[in-house]
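The values are calculated or read from the model by the stated rules, or taken from the named source; none is laboratory data. Being a predicted model, the structure only gives us computed values, none of them experimental. With ideal geometry, Cβ positions are generated from the backbone for all residues, glycine too; neighbour counts draw on all protein chains shown. When the accessible area is computed, the model is the full protein with side chains, heavy atoms only, and any ligands, DNA or RNA have been set aside. Shrake-Rupley method; radii C 1.70, N 1.55, O 1.52, S 1.80 Å.
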Protein chains: 2
Amino acid sequence: MPRTKGTVSIRDVAAAAGVSVATVSRVLSAASADVPVRKETRDKVERAIEELGYRPNDLARALLQHRTAAIGLVVPDISNPYYPPLVRGVEDAASSRGYRIVLCNTDRDPAKISGYLDTLIKTRVDGIVVAGGGWADVPDRTAVLGNYRTGLVAVGRHVTAHPSVRIDNVAASREAAGHLIGLGHRRIAFLGGPASSTTVQDRAQGYRDALKVAGLAESGAVVRYGDFTEESGYAATREILDVSPPPTALLCANDRIALGAYAAAADAGRRVPVDVSIVGFDDTPIARYVRPTLTTVSIPTYEMGGAAVRMLLAQLGGNTASEIETMPTRLVVRDSAAPPA
Amino acid sequence: MPRTKGTVSIRDVAAAAGVSVATVSRVLSAASADVPVRKETRDKVERAIEELGYRPNDLARALLQHRTAAIGLVVPDISNPYYPPLVRGVEDAASSRGYRIVLCNTDRDPAKISGYLDTLIKTRVDGIVVAGGGWADVPDRTAVLGNYRTGLVAVGRHVTAHPSVRIDNVAASREAAGHLIGLGHRRIAFLGGPASSTTVQDRAQGYRDALKVAGLAESGAVVRYGDFTEESGYAATREILDVSPPPTALLCANDRIALGAYAAAADAGRRVPVDVSIVGFDDTPIARYVRPTLTTVSIPTYEMGGAAVRMLLAQLGGNTASEIETMPTRLVVRDSAAPPA
DNA sequence: TTGTAGGCGTTATCAG
DNA sequence: CTGATAACGCCTACAA
């Protein structure tokens, strides 16, 4: 019965119900707005919709309304355990407001970032949430974004002209290092991720600040860079435990690195926290399940995702308040850090 | 200069370049197909595109071509470490073929599944990849999918009329249990996830098969259900280690449960694998980094994602071959399982 | 090689 | 309360 090649449209419904397409459109929008439509007519139409299994074409609607109800979500790599909660935060906040999300994994590759950005603009997403780095080498598409009224909010990044939700990495790291110092540690190493990451830079900074305050600046500062993986933490730890005297504590830029450090310590015959204390960052789910349980800095990733969506929607609504939102972190003290032997 | 309210369209480009919209359209599609266009004209147009920051509207294009280049990806929960590699597999395969993905987290909630399904149809995604369960209680939308030529392939599910990519959970579990039996274990417990999950049912089945083959069926079968979390594994293990005699080995339905079991064993003063052997499922990244390293069944999740996309695209192309693709699993023997003391 | 015009599936405006 | 009809931004014959 549907006339267009295999896909049922509003015209088929209109024909089946014996009304005009305009009327069908009305009963469709009657749900939200209050357009007047006779009950009898509505029933006819709804029956037709049901029988034909009709689903309105949101593309056509979007074309007309200049609004797709889609949000682009750009992350470095969903396989990094840091991101799933953020993604959930974004998705839950988005879907509860009628938006869907299109996910883009960039691997921090400027070419991929660039490509995804173009795709998102071409599909006319209403806005974009970007997390993580790799943007330094991406040609600035801001003007184009503006051309198409695409909103953008960054999460966890520092260098951007757009609104952003972030945490105070310097302060968080200072607190974590301070905790170790308070425990009596004097030789503390910092195991970072990529040196190019502003997050890593900030955490290294907080670490140095804490050492300086404690008067340990030169004697005890040891900073290693690598990436955000277990391997990286493992390798760095194996090396670092070999120097003499070895550090008595390790401040890791994330939990994955800390996990690698656990493994390296075990393989080197050192016990945590007796021989070496370890502190992480992120409070990933495993932190509670490794033994000893991991002392780490908790970051409200899920909430940050939600906040990003709220800011984005505000931005789309023309509301330009709260350009930067800083969310609180918290040092979760567990069993992996103790006074040095 | 753009005339339409704030967003630059093909007409603006045409005007700026002093040509017709058709010509602009041609230089746009000239990239892929080979439409004839004079170099001089092309340059003019491309200059205009550049200057105006023009990005073609894929909505309009999709409307015309009945093809959105979008794939819906439905998973229970991206925060479950099992899914990120699958999602990456899908995204990488999709994006390399010019498709983008819209991500849907269902929490196995029939209402959410249903809602997302409608959204995906309304936005006219070309196809849908569904992973994980919760579909038993969802009213069948298959007819509607057909109305809109939406492809669908399931990954890791058994009850479905659609093509699917899966693994042989029964055989994999049989092998894992067999490994434990071969080590000399006689009292082996199975720690499952949700009893309603076909995956869990199959793994329990494989476990029972192995026991039976070894003549242990009645004496040694202990099956616990719960969910796929560390908590669940922790709780089950604490209980199970209290019975006397306790099992000497634990076969866990996934690595998260196994991780919970590690923690419970430690808290109960039992050593792995001396006092209790543990085997997991999934070969999550942490498996290599816990100590002792975790013996577990490796599942090619990333590849399964890629396979799903290939099958989906074949389906869209009218190719209906390979209705079911079964991918190989592999028991990765590490240090968490050893002969009983 | 380039321009004109019709239509993709909706919604919105205006008459009736 | 309902029905024509003109957009939305683009592609694709068909003409020129």
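Some observations on this one:
- Sorting A:LYS39, A:LYS44 by solvent-accessible area of protein heavy atoms yields A:LYS39, A:LYS44, largest first, with a 1.4 Å probe.
- Of A:ASN105, A:ASN147, A:ASN80, the one that fluctuates the most in a GNM where chain A has Cα springs shorter than 10 Å: A:ASN147
- The protein assembly as shown: C-alpha gyration tensor shape, a/c 1.5 cut-off, then a/b vs b/c: oblate
- Magnitude of the charge dipole for the stretch B:169-299, about its Cα centre and with charges confined to Cβ atoms of Lys, Arg (+1) and Asp, Glu (-1), is about 320 debye.
- Only protein heavy atoms count here; under a 1.4 Å probe, A:TYR207 has an accessible surface of about 0 Å².
- Residue-normalised accessible area of chain A, expressed per residue, 1.4 Å probe, Å²: 42 Å²
- Between B:PRO84, B:GLY193, B:ALA176, the Cα set farthest toward the positive side of the dipole of the protein assembly as shown (charges on each charged residue's Cβ, about the Cα centre) is that of B:PRO84.
- Rounded Å value of the spacing that divides the Cα centres of the stretch A:124-156 and the stretch B:72-114: 23 Å
- Over the stretch B:180-336, relative contact order from alpha-carbon pairs under 8 Å, at least 6 apart, %: 20 percent
- The dipole here belongs to the stretch A:5-56: it is taken about the Cα centre, uses +1 on the Cβ of Lys and Arg and -1 on the Cβ of Asp and Glu, and is about 120 debye.
- Relative contact order of chain B, pairs being alpha-carbon contacts under 8 Å that are 6 or more residues apart, as %: 16 percent
- Burial of 30 Å² or greater, the stretch B:264-298 residues [accessible area, probe 1.4 Å, versus chain by itself]: B:ILE286, B:TYR289, B:ARG291
- Leading residue at positive end of dipole, chain A (Cβ point charges), from A:VAL75, A:LEU294, A:LEU241: A:VAL75
- Carbon-plus-sulfur accessible fraction, the stretch B:169-299 (probe radius 1.4 Å, protein heavy atoms only): 49%.
- A:SER244 contributes about 110 Å² of solvent-accessible surface, heavy atoms of the protein only, 1.4 Å probe.
- Nm distances between copies for A:THR198, ranked from closest, using label points 7 Å along Cα→Cβ: 4.7
- Exposure rank, largest accessible area first [B:LYS122, B:LYS212; 1.4 Å]: B:LYS212, B:LYS122
- Percent accessible area from carbon and sulfur atoms, the stretch B:69-156, protein chains only, probe 1.4 Å: 50 percent
- Springs join every pair of Cα atoms under 10 Å in this Gaussian network model of chain A, and among A:ALA17, A:ALA264, A:ALA94 the largest mean-square fluctuation is at A:ALA17.
- Furthest towards positive pole of dipole, A:VAL155, A:GLY98, A:TYR207, structure part chain A, Cβ charges: A:GLY98
- Looking at the protein assembly as shown, the DSSP beta bridges with both ends there are about 10 percent antiparallel.
- Copies compared at A:ARG47 - label distances in nm, ascending, label defined 7 Å from Cα in the Cβ direction: 6.4
- Within the shell of other residues whose beta carbon sits under 9 angstrom from the beta carbon of A:TYR302, the net charge comes to -1, with Lys and Arg scored +1 and Asp and Glu -1.
- Across the identical copies, how the B:ASP77 labels are spaced - nm, sorted shortest first, 7 Å along Cα→Cβ: 2.5
- Euclidean distance of C-alpha centroids, the stretch A:184-251 and the stretch B:208-248, integer Å: 43 Å
- Helix B:83-95 and the longest principal axis of the C-alpha atoms of chain B enclose an angle of approximately 30°.
- Note: relative contact order over the stretch A:57-136, using C-alpha pairs below 8 Å and six or more positions apart, is 45 percent.
- Lys pairs under 22 Å by Cα in the protein assembly as shown, provided they are eight or more residues apart or on distinct chains: 7
- Nearest-20 debye value, chain A charge dipole, Cβ charges on Lys, Arg, Asp, Glu: 920 debye
- Cα centroid separation - the stretch B:10-58 against the stretch A:254-330, whole Å: 48 Å
- Loss of accessible area when B meets A, both sides summed, Å² nearest 100, probe 1.4 Å: 5200 Å²
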